[in-house]
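Data first, discussion second: the structure below is written as structure tokens.
The values are calculated or read from the model by the stated rules, or taken from the named source; none is laboratory data. All figures in this text were calculated on a predicted structure; none of them were measured in a lab. A quick note on method: Cβ atoms are made from the backbone with ideal geometry, for glycine too, and the neighbour counts reach across all protein chains shown.
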Amino acid sequence: MGLKPALMDINSTMTSSTTELASVSPAPQSQEKISLNGMRCAACAQLIEFRLKQLAGVDKVVMNYAGHRVDVTWQPETTSLHKIIQAVQDLGYGALPEGEHKLLEKRQKKDVWRLFVAAFAMMQVMMYAFPSYMEPHPEVGGDLTPEIDHLLKLACFALAIPVLLFSSMPFFKAAWRDIKNRHVGMDVPVSTGILATFFMSAWATFTGGHVYFDSMIMFVFLLLSGRMIEARVHQKSTAALRSLTQLTPTFAQYLPNFPNVRNSVQIEAQQLRIGDYVLVPPGAQIPADGCVVEGNSECDESWMSGESKPQPKTMHSKLIGGSLNLTNPLVMRAEQVAETTQFAHLLRMMEAASNEKPPLVALADRHASHFLTIIMLLSIITGLVWWQIDPSRAIWVAITVLVVTCPCALSLATPGVMSAVIGLLAKRGVLIAKGSAIEGLARAEHIVFDKTGTLTEGKLSLSASHIWRDDTSAMQVCSAMAAASLHPVSKALVASGALPESAIVCDRLIEESGLGMQASYLGNTYRLGRPSFVQELSSGSQSGEIASLPSIFQNSSLCAFGDQDGLIALYALADGLRPDAREMVRQLHSMGIKLHILSGDSANVVQRIAAELGLDQAQGEMSPEQKFAVIQAMQKNGARVVMMGDGMNDGPSLSIANVSIAMGQGAPITQARSDVLLLSNRLLDFSYAVQMCRRSLRLIKENLAWAIAYNVLAIPAAVIGYIQPWHAAIGMSLSSLIVVCNSLRLLIAKKN
């Protein structure tokens, strides 16, 4: 779905300026997710992506190799979905709009029959091939006459024909597709090996010599079964991420004449518009982001926050698209619909993250086609050399070189692991927005925390206040300033009821990141925020007066309000530690990670929090610039730094950190700048994420090491003739399968 242009009725009376404005309106776009079939390796993905980008009118192509899908954005007046799908099909791949799975299911059933034919032929051919292997050993008993030998070879030949013409057809079609497109994919050497083995064995059947029909059939069976198992394992490894995509609401009960008429009409959720009223029955999904206008109920938002407890919903409560209404019917007003919902946005970020690959894998993918070309040339050269050494073995050694190579394992090393870890963390309320964050968290050496709203609940409460000047007008200005801010301190002041109701509109309202707010009213300038920031306005210091206040003001977070004449009021706010903060610190320490607190709060409060958590490195009363400088200095010393915060004042620090983490209840600008979003707001989920990222990086390294080691050992062994074609068939299939199965280990990791 893309942006749809507003319908305009342009008549002859419109002014030229209006016409010019319409002419420069953004061109409408369409977007579709296309499921792909027949994509076997990274080279295939590159070919499809390259072809689609060549189409006129196609603006964006995002290849999802892990999900065998491509997301395409195009100009509908220039091209169409039919042309895009046709372009993919012309390359020889299957392509369907996502959701149209019937044809894919039919193809999967046909693949099962191909495997069955190969399996049946393999069982039978072994009976006919076995005596020929026993021929050099008379002690086995019995003689193999030339007539019986020829008859057995004919039987093997007959069994190999259906395997060649039916079971092997996917390899041949894919190879022909690659050749037509002047591209070398994995199926080219596979098909070459199958055809060469069959025709050389057929020649030997009628002219004399050894036949390898059994090796050919076994190779086809192993390759088909390996790819089928690989597909099933891949589906399991990406199940966590796919389960989130299935939360997308499909239908909505639209109320066209609410509140006058309560009759609903079922429409597709994608057809909803902002401002539409929707009836949400119990047990139904919320079809869009919006708010409750009628009814009381509870909603399951666990997919978003990781909170298993149902959330109460009353009048004006916010509703999240994709969550589940549990108890009573609700009427909601849509505020964000279709691709603009929070769920759609988060899902796009997760899918984009799952497509990212480590540099080594990206390098392997880019050169996969070159690698296969080199293998083809190496096979030819090997055959020519062996022709001089032993002509009877030359062709078989060359075929073995073709069969044994497995660049697929390199391409498979990352996608399954990335999809699995992103899906697993999403279920725990940890959203990975950038794939590079996985490696960054895995390699983290230092983690820097903000205090308020990160290590603490962020739900500040007013514990004490001191008023120096009882000025009603000034206090109304203070109330207006606090209401205009999203900072936890401002929210706490408003919620406390200590400030009077205010209808005042301030002038030149400015929020200084990490310091506070400044505004003007009736010629006076006011500040609300850190005491030192407020006292700068009066060019004086009342620190002595603050120090003389009761001890509660010395051990609490302070917020001051004042003008040019000095402080007007001082507020002490309390904020408790999150219940899982101590356990998170213990777990991160056990991983050898150094933890820091950099906060703009008072030094006394920060040191108290650090002492409670057992942290030695903590600094308070820090400006955003000072936080930025501390992290920059750590990085200059070679440290990999992760930063977690939730306020606007954390923006500069988050931008420079190797990995930035934002809390789910944090400021929107902070979330937009972050690599990871802790939607659940549970710190133990963060330590779990670090643990899983470390485990996933270890699995990726193991996969890459195995794939490289296999090819380094197998190719020379094939060149020197140490292994036979059927050995190569088993090795190639198992190489890919081992990589995919190893990725599955992430899914059985114990949760803390």
Checking A480 against (1) at pLDDT 85 or above; (2) within 30 Å of A611 (Cβ to Cβ), only one condition comes out false. Which one? (2)
Residue list for segment 586-630, filter: within 11 Å of V448 (Cα to Cα), in a helix (DSSP H, G or I) and among the β-branched types (V, I, T): V630
Only one of S680, S735, S743 that is in contact with a helix residue (DSSP H, G or I) (Cβ under 6 Å, 6 or more places away or on another chain) and outside the structural domain of D390 (by TED's automatic domain parsing): S680
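Condition test on S490, is it touching a helix residue (DSSP H, G or I) at 6+ places or on another chain (Cβ under 8 Å) and not basic (K, R)?
Values: touching a helix residue (DSSP H, G or I) at 6+ places or on another chain (Cβ under 8 Å): yes; not basic (K, R): yes.
Spelling it out, S490 is indeed touching a helix residue (DSSP H, G or I) at 6+ places or on another chain (Cβ under 8 Å) and not basic (K, R).
Kindly indicate whether any position in segment 230-238 is in a helix (DSSP H, G or I) and modelled with pLDDT of 80 or more. Quick ask: steps written out before the conclusion?
So in segment 230-238, the residues in a helix (DSSP H, G or I) come out as 230-237.
Restricting the remaining residues to those that are modelled with pLDDT of 80 or more gives none.
No, segment 230-238 contains no residue that is in a helix (DSSP H, G or I) and modelled with pLDDT of 80 or more.
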The residue that is nearest to A480 (Cα to Cα), considering only those in segment 506-529 that are of a type in the set (A, V, I, L, M, F, W, C) and modelled with pLDDT of 85 or more, is C506
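Among the residues that make up segment 283-292, is at least one of them modelled with pLDDT of 85 or more, aliphatic (A, V, I, L, M), in a loop (DSSP other than H, G, I, E, B) and closer than 17 Å to M315 by Cα?
Within segment 283-292, the subset modelled with pLDDT of 85 or more is 286-292.
Narrowing further to those that are aliphatic (A, V, I, L, M): 286, 288, 292.
Keeping just the survivors that are in a loop (DSSP other than H, G, I, E, B) gives 286, 288.
Add one more test, that the residue is closer than 17 Å to M315 by Cα, and what stays is 286, 288.
Yes, because at least one residue in segment 283-292 is modelled with pLDDT of 85 or more, aliphatic (A, V, I, L, M), in a loop (DSSP other than H, G, I, E, B) and closer than 17 Å to M315 by Cα.
Matching residues to (1) within 29 Å of R273 (Cβ to Cβ); (2) over 21 Å from the mean Cα position of the chain (by Cα); (3) modelled with pLDDT under 50:
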| position | (1), (2), (3) |
| --- | --- |
| P5 | yes, yes, yes |
| S35 | yes, no, no |
| V61 | yes, no, no |
| H82 | yes, yes, no |
| R107 | no, yes, no |
If we keep only residues of segment 457-512 that are part of a loop (DSSP other than H, G, I, E, B) and of a type in the set (A, V, I, L, M), then the residue surrounded by the fewest Cβ atoms within 10 Å (Cβ to Cβ) is A503
Failed condition for V211, given (1) at pLDDT 75 or above; (2) among the aliphatic types (A, V, I, L, M); (3) assigned to a helix (DSSP H, G or I): (3)
Whether any residue in segment 174-184 is assigned to a loop (DSSP other than H, G, I, E, B), at pLDDT below 80, under 30 Å from the mean Cα position of the chain (by Cα) and not basic (K, R) is what I want to check. yes
